[in-house]
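Every number here is computed from the coordinates shown, using simple stated rules; none is lab data. Computed from a prediction, not measured in an experiment: that's the story for all the values here. Note that each Cβ is placed from the backbone with ideal geometry, even for glycine, and that neighbours are counted across all protein chains shown.
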Amino acid sequence: MKESTSRKWRILKGCAGWLLTVIVLAIHPGPTRAQEQEVAAAGKKEFQWSCAVCHGPDGRGGGVMKARNFLKITPADLTALSKRNKGEFPFWRVYDVIDGRLAVPGHGGREMPIWGKAFQEEELSRLGAETKAVGRILSIVFYLQSIQKK
């Protein structure tokens, strides 16, 4: 718990402005719903680019890599995360798994790419690489939250 909390604070310190906006969107429904949908729409594009090859375009685990038997482990059905977590979307747990730079206890081996590092390296020559990597991951998390089965 303490490691997870320190992770959140490190993210908050590094990306205070952008992250504050995203957190407000996560906490306050209603008038900010349009902005949350905009972030999720960006996350859908990022998901299609970075994740769909394994998890499938619908997030259910049937991507090309699975269909061609290139994976040892079946990718998770990402539309059932809330269902598997007693109806609550595990926002920060999902963030940590996607980011991958923090060892996630109980996650097992790391067949999934470490997207936090990859996204940061893509932005390395630009100002704010860490902030942009965090933003990309958060947009994916908001998208995944939006596709949960009811």
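Past the 22 Å Cα-Cα mark, which pairs from Lys117/Lys150; Lys44/Lys132; Lys44/Lys83; Lys83/Lys132; Lys44/Lys149?
Details: Lys117/Lys150 32 Å; Lys44/Lys132 16 Å; Lys44/Lys83 20 Å; Lys83/Lys132 30 Å; Lys44/Lys149 16 Å.
As for pairs spanning more than 22 Å Cα to Cα, those are Lys117/Lys150; Lys83/Lys132.
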Coarse-grained scattering of the range 33-101 at q = 0.22, 0.27, 0.29 Å⁻¹, given as base-10 log I(q)/I(0) from a Debye sum over alpha-carbon atoms: -1.11, -1.29, -1.29
Net +/- balance of residues flanking Gly87 in space, Cβ distance below 13 Å, scoring K and R +1, D and E -1: +4
